[in-house]
Amino acid sequence: MLNDADVSGGTRSPVVLHTTDAARAVLIELEPGQELGEHEVKEHAFVVVVEGTVQVEAGGESLEASEGMLLQFEPEERHAVSSHDGARILLVLAPWPGPGHYRGGDERLAG
């Protein structure tokens, strides 16, 4: 199912597969040369490489992660993910939304 889901449009069209208070699962297609630039989230982030290979930078280190690898980032840990040849990744954010996330508190802060 993860290999067959339509995520055309690359990072501009992620597909939310599941959302509960416990977690949110999002499928993201990185087209060749695309990246999720350096960023952070309020939740624990788990990234599974479903297809292809990604380059990950975090904490001043970089590594290449191939199909089947699981990566974990702490809340507010800055990281970047890119792919030279294209990849499909599953992102799980937990809990959803995390403490301090604009959706977890006062909606007026969102904007």
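The values are calculated or read from the model by the stated rules, or taken from the named source; none is laboratory data. Owing to the predicted nature of the structure, the values given are computational and were not obtained by experimental measurement. Here the Cβ positions follow ideal geometry from the backbone for every residue, glycine too, while neighbour counts run over all protein chains shown. Only protein heavy atoms, including side chains, enter the accessible area calculation; ligands, DNA and RNA are left aside. Shrake-Rupley method; radii C 1.70, N 1.55, O 1.52, S 1.80 Å.
What to note about this one:
- Nitroxide proxy distance, nm - points 7 Å out along Cα→Cβ at residue 4 and residue 53: 2.8 nm
- Each Cα pair under 8 Å and six or more residues apart adds its separation to the average, and for the chain the resulting relative contact order is 32 percent.
- When the alpha-carbon atoms of the chain are used, the pair Rg, Dmax equals 13.9, 40 angstrom.
- Peptides 27-39, 64-76, 85-97 ranked from most to least packed give 85-97, 27-39, 64-76, packing being the mean of other C-beta atoms within 10 angstrom over each peptide's residues.
- Carbon and sulfur %, accessible surface of the chain computed with the full protein complex present, 1.4 Å: 50 percent
- Rolling a 1.4 Å probe over the protein heavy atoms gives the chain an accessible area of 58 Å² per residue.
- Each of 84, 26, 65 was placed along the dipole of the stretch 10-85 (beta-carbon charges, centred on the mean Cα), and the one lying farthest toward the positive end is 26.
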